[in-house]
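J.: Structure in structure tokens, see below.
The values are calculated or read from the model by the stated rules, or taken from the named source; none is laboratory data. These figures come from a predicted structure and were not determined experimentally. Here the Cβ positions follow ideal geometry from the backbone for every residue, glycine too, while neighbour counts run over all protein chains shown.
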Amino acid sequence: MSVDDDNKKLRLMYGRAFASSLSNGMISPFIYVYAARIGASSGEIGWMHAFNNLFTNSLQLPWGRLTDIVGRKVVIIVLTSLLASMLWIPIALVTEPRLFILLIALQFLLASASVPAWNALIRESARPHLRSIVISNINIASLMGSLIATISSGWLIDVSRGEIIVPAILASISGSIGALILLKIKERKVRSKRISLGPLFRISDIPSLINENNDFKTFLKLIAFQSFFMSFAWPLFTITTALVLNFSMAEIGVLSIIQTVSTIFSQVLTSRLVIKIGKKPLIVFHYISLSTVPLVYCFASSFIHIAVLNIFLGFVVAAGNVTILPYILDIIPGESVGEYTSIYNMVIGIAYFTGSLLGGNMTEFLNQILGRTLSLRIGYFISAFGRLVLGVSFLKIRETNPLFKK
């Protein structure tokens, strides 16, 4: 494939990233607060986070293996993305919390099916020495889509008196366009293997696959524990935002905009920084810095506190965007990208499921004994401590850039 063909393919991928994020940004930032507003308890929100992350990540394994076997990445991305986009409309029409949570879980399950194929397409399309730059550009396109969506959707929801049907329709349209864009990509011909349901769903070989790759095993262990403490605080953030600080949908949209703008500007800096200092320092910085988030939410008393946090988070997120996926793609074999990335997502999905479930339900239990304020503070401190300890532990990983290896 010529350089011009590669560039055309990348432009189409940037377009898909923009349209897909425009779709998600229309409604995703508001679904947890919307669930709380229609009557979901902190425990139910914990289940919502838990099931969404379980379905989104842990069930990717068969999709990843199917991607590696079939080799038709574009077809998988288009079909699953179309189905996920169209599901936003029935979601917006539901007002019963448990049914809402179930439909949201199904939507994320369908959306997640394209992730291993998307990662494999990125690895195939980006030369190794340009991988961080390409992924940075994809992230910038995604952030621009999210920014435009969030600017308009928060206002639309407030004007519609809390209803999310209009953003849902726009999300369905833009998500479908983002999927269909990829049909213009001509995939490299890969010899398909025979599809068998047994190998697709087999999990007995996962430990041996992990143990074959020491770098992958080390990173996977650290990210699993880190993800548990990350997700522990997620249901608590929703309660603080929606019920303690009582932010409007417009204010939540503004917070998302602040972080998105900060991330876009920081993305340019971090994409250059990773070339100068390597991936490992930025990965360590990313995970240690995330320990500040539950502490700020614990003591925040106004909109400005969360807004300032989101400015800082923009740089933190950008540091992770240009390092984590490129690092994973560096340490896994090229012929098994779908399988290894789906194993990675499966492990963090289980960690997210466990953390969200325990965090939400523990807080609900303690709330009945200690009250809302103290129960939230206990949960936030547990999350912050775990995030900090695990963040420091990422010093154990190996730098993959040969220029910075010791």
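J.: Would you mind stating whether residue 340 is modelled with pLDDT under 85 and under 18 Å from the mean Cα position of the chain (by Cα)?
T.: yes
J.: Which pairs have Cβ atoms under 8 Å, sit 6 or more apart or on different chains, and link a residue in the range 234-254 that is of a type in the set (D, E, K, R) to one that is in a helix (DSSP H, G or I) and crowded, with 20+ Cβ neighbours inside 10 Å?
T.: Pairs that qualify, where the first residue is of a type in the set (D, E, K, R) and the partner is in a helix (DSSP H, G or I) and crowded, with 20+ Cβ neighbours inside 10 Å, are 251/154.
J.: Of the residues 378, 397, 331, 382, which is over 20 Å from the mean Cα position of the chain (by Cα) and free of Cβ contacts under 8 Å to residues at least 24 places away in the same chain?
T.: Checking each option against the conditions leaves just 378.
J.: Here is a follow-up. Filter the range 274-294 down to residues that are surrounded by fewer than 18 Cβ atoms within 10 Å (Cβ to Cβ) and of a type in the set (A, V, I, L, M) and give me whichever is nearest to residue 388 (Cα to Cα).
T.: 277
J.: Being surrounded by 18 or more Cβ atoms within 10 Å (Cβ to Cβ) and more than 27 Å from residue 123 (Cβ to Cβ): is that true of residue 332 here?
T.: No: the conditions fail for residue 332.
J.: Among the residues of the range 168-187, write down those that are over 20 Å from the mean Cα position of the chain (by Cα) and assigned to a helix (DSSP H, G or I). Before you say what the answer is, go through the steps one by one.
T.: Going through the range 168-187, the residues over 20 Å from the mean Cα position of the chain (by Cα) turn out to be 169-170, 173, 177, 180-187.
169, 170, 173, 177, 180, 181, 182, 183, 184 - these are the residues of the range 168-187 that are over 20 Å from the mean Cα position of the chain (by Cα) and assigned to a helix (DSSP H, G or I).
J.: So if I check each of 169, 133, 173, which one is modelled with pLDDT under 85 and either crowded, with 18+ Cβ neighbours inside 10 Å or aliphatic (A, V, I, L, M) (or both)?
T.: 133
J.: Taking the range 295-309 on its own, how many of its residues are surrounded by fewer than 22 Cβ atoms within 10 Å (Cβ to Cβ) and assigned to a helix (DSSP H, G or I)?
T.: Summing the residues that are surrounded by fewer than 22 Cβ atoms within 10 Å (Cβ to Cβ) and assigned to a helix (DSSP H, G or I) in the range 295-309 gives 10.
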